[in-house]
Structures are given as C-alpha cells and as structure tokens.
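Data first, discussion second: the structure below is written as structure tokens.
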Amino acid sequence: PLRVTVAAGHGQHVDAQIVRTASVQGDVRIYEPVRPDDPAAGLRPGGGLEGITVELTSATGGYRTVITGRNGTFVVGDLLPGIWRVTVGGVSVPFYQLEQRDIDVALKPGDTGTVNFRMVPKAVQLGSVIQPSRSTAMRGK
C-alpha cells in the first residue's frame, strides 16, 4: 500500500497505476494405465500429489512458490499479467516420471491460467514391446 501524508494547507501530487492481476491454478497428478496389460489403452487420472513445490517465474523478475495441497492442487493469485513459467520440483514417485517439468502460461489482466502436471508410468523394455512399468505401491489411490 502507498501511504501519503499531506500537511494542512499543502497539496501532494501522486501518480498511481491500477493493475488488474491474474492467477494460475492447477494440479500435480499421477496418471495410471487404463489397462496395465495393454499400454495402447491409454492413461486415466489417478491421485493428486500433496506437498510438491511449484515455482512461478516471469521474465520481469516475478517469483512465487506454492506447495500442492491434499489433492495435488494449487492456486497462486495476485500475479502481474505476462508470461509465467510454472515449474514442478522435487517430485519422485517410483515407476513414474513427469511428462513435462515446465509449462509456460500467458496471463492477461483478470485471467486464471490452468496448468496440469502429469506423472506418467516410466516405460520399460520387455522383449521387443515397450510397456509401462507396474507399481503396486500406488494402487488404490
């Protein structure tokens, strides 16, 4: 906040600019095979990852961090409009890897950008067929 003190009988000129901010929301989530015996069947969303650090940086020097909540979700508000790079760090889940570590999002005043980070099964070579590896630790989530 800007505080201006003006003595009685004097004037003070103040230039102020009002900027409408933006926000980013999203999640960090595990994606599991629809059918573990058939990699071509695709992936479905699984559980969200709690306690993951998400960093936001802008080309103009802006920097914010947030930790994902109980369902792997996060929200960061009061961001200046512009291009923000959203980065996930410190993620380690056996048999899974981040599909993408950084996502750029362009924000206009009043925008809410959405970014979703996917943890997908690591591929393993079995004979001449590549299949996702299986993890019994993550079943039931």
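The values are calculated or read from the model by the stated rules, or taken from the named source; none is laboratory data. All of these numbers come straight from a predicted model, not from anything done at the bench. Heads up, the Cβs are rebuilt from the backbone with ideal geometry, glycines too, and the neighbour counts pull from every protein chain shown. SASA here: full protein model, heavy atoms, side chains in, ligands and nucleic acids out. Shrake-Rupley method; radii C 1.70, N 1.55, O 1.52, S 1.80 Å.
Key figures for this structure:
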{"quantity": "Region 11-43 versus region 77-114: alpha-carbon centroid distance in Å", "calculated": "6"}
{"quantity": "Separation of the GLU55 and THR87 label points, Cα + 7 Å toward Cβ, nm", "calculated": "0.4"}
{"quantity": "Within a Gaussian network of the chain (alpha carbon springs, distance under 10 Å), most fluctuating of TYR63, TYR96, TYR31", "calculated": "TYR63"}
{"quantity": "Carbon/sulfur fraction of accessible area - the chain, other protein chains in place, 1.4 Å, %", "calculated": "49"}
{"quantity": "For the chain, built as a Gaussian network whose Cα springs stay under 10 Å, the top-fluctuating residue of ALA16, ALA123, ALA59", "calculated": "ALA16"}
